[in-house]
1. Taking amide H positions as placed 1.01 Å from N in the peptide plane, with prolines and chain starts having none, which residues 5 or more places from Phe223, or on another chain, fall under 5 Å of its amide H?
2. For the stretch 34-64 and the stretch 359-438, compute the distance between their C-alpha centroids and round to whole Å.
3. Under the rule of at least 5 residues apart or a separate chain, name every residue whose amide H is placed under 5 Å from the amide H of Val303.
4. Pop a pseudo-label 7 angstrom from the Cα along the beta-carbon direction at both Asp82 and Lys228 and give the gap in nm to one decimal.
5. Using a probe radius of 1.4 Å on heavy atoms only, what accessible surface per residue do you get for the chain? Whole Å² is fine.
6. Calculate one ³J(HN,Hα) per residue across the stretch 280-288 by plugging θ = phi - 60° into the Karplus curve 6.51 cos²θ - 1.76 cosθ + 1.60, and present them in order as whole Hz with x for glycine and proline.
7. Of Lys164/Lys188; Lys165/Lys273; Lys188/Lys216; Lys174/Lys216; Lys194/Lys425; Lys194/Lys249, which pairs sit farther than 20 Å apart, going by alpha carbon to alpha carbon?
8. Between Gln59 and Asp293, what is 0.36 nm times their sequence separation minus the Cα-Cα distance? Round to one decimal in nm.
Amino acid sequence: MRRIRAAAAGAVTVSLLTAVTACGGGSSTGGGSNDSPKTLTYWASNQGASIEVDKKVLQPELDKFEKQTGIKVKVEVVPWSDLLNRILTATTSGQGPDVLNIGNTWSASLQATGALLPWNASNFAKIGGKDRFVDSALGSTGAQGKDPAAVPLYSMAYALYYNKKLFADAGIAKPPTTWDELIADGKKLSKGGKWGLGAEGSNPSENIHHTFVFAKQHGADFFTADGKPDFTSDGTVAAVKQYVDLMAKDKIIAPGNAEYAQNQSVSDFAKGKTAMLLWQSASSNLKSQGMSDDAYGIAPVPVQSGTPGTGTNVNSMVAGINLAVFKNTHNLDGATKFVKFMTSDAEQKILNTAYSTIPPVKTSQTDATFNTPANAILKDTLAKSAVALPQVADESQFETAVGTAVKELFAEAAAGRAVTTESVKAELEKAQQQMPAK
């Protein structure tokens, strides 16, 4: 959500999620369809290295859709820092697009607004059926037991990217498989103005994704089984501390990374300033920044011990982008046709190739394009060792509250102040207090 996928950095107010109405589409000020069956508006998320890259990827496909259907699609690529708040505002004002990308982790939160079209059996039938999509992707489309609020578009998983030359220069023969190994390698690599690992400390999205995985590896979660916030358990505190300690104690992340936002850690890795990067499906992003495919290797994200898998050996969230339709769009037929087009086998191959992502459509996944060694690691992770972030109505507030708490802890580390179990717990308590009362 990488390139940021699946979460936004903007503040999320409780009122937006608790007082929303089922509105959407059709407003001239919001760029909607204005009752025209020949136009659609589409908010696309920033998937590539820049908004301009996305426009170059998307426009030929939108032109193709117009040629096939006679429907013109007006696209706006929205930065991740703005996307969630833009969507929430649209749910209350009705001044939104017809079709939009959402980070898959937001699915349950946006579903709870009532503003998005439910993808029931009838609607899925219009785009070829629900069984076209892989189970892991469908698991991040809304609350369990309810019709999905969106349709999977791009699937991603986290991996460890490492600079082959820097590893060879440091005498490191293979990528680390555990966090202890990563820290040891990181210390060897953090010299001469270079650093072992990159991070984006002021990016709440990235903070959430990594601390969620660390929490799973500590046998913990940020929500109880009945969906209540549980940010201060021993496991979650230990998880957040372990992540921040990569800068605070282990000193393999540059202090300046505490201020890094979207894509800055990818840029440093592409320029050889850092030797390792934890990222979602980064290949196309790295290529657009001038890094050749043979300059880096890809390995699974480390675990505490052993090998990636289920339970405490989870090493990625199920990352991805979903495609949603505002329920009250004035061009439902056109919006449905657009979703069918974007999730067709042909478009899935084109778009997921462009973004080095994995198609969530089963028949597209088998294409030779997606059977490279790099994609094999990502597909294996999605199939065996990735889990969805909590599909609860308060998930988007959780991302903002805890992601910002981790941002504050990174700032403390960068300033040379101690990050202790007590200080971590205090920040997480503060975050929990920001959650809606149950």
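1. Asp230
2. So the two Cα centres are separated by 27 Å.
3. Thr178, Trp179
4. Placing both labels 7 Å beyond Cα along the Cβ direction yields 4.0 nm.
5. It amounts to 37 Å² per residue over the chain.
6. Karplus-based 3J(HN,Hα) across the stretch 280-288 equals 8, 6, 8, 4, 5, 5, 5, 4, 5 Hz.
7. Lys188/Lys216; Lys174/Lys216; Lys194/Lys425
8. 81.7 nm
The values are calculated or read from the model by the stated rules, or taken from the named source; none is laboratory data. All of these numbers come straight from a predicted model, not from anything done at the bench. Methodologically, a virtual Cβ is constructed for each residue, glycine included, from the backbone with ideal geometry; neighbour enumeration extends over all protein chains shown. The protein model used for the area step is the full one, side chains on, heavy atoms only, and it has no ligands, DNA or RNA in it. Shrake-Rupley method; radii C 1.70, N 1.55, O 1.52, S 1.80 Å.
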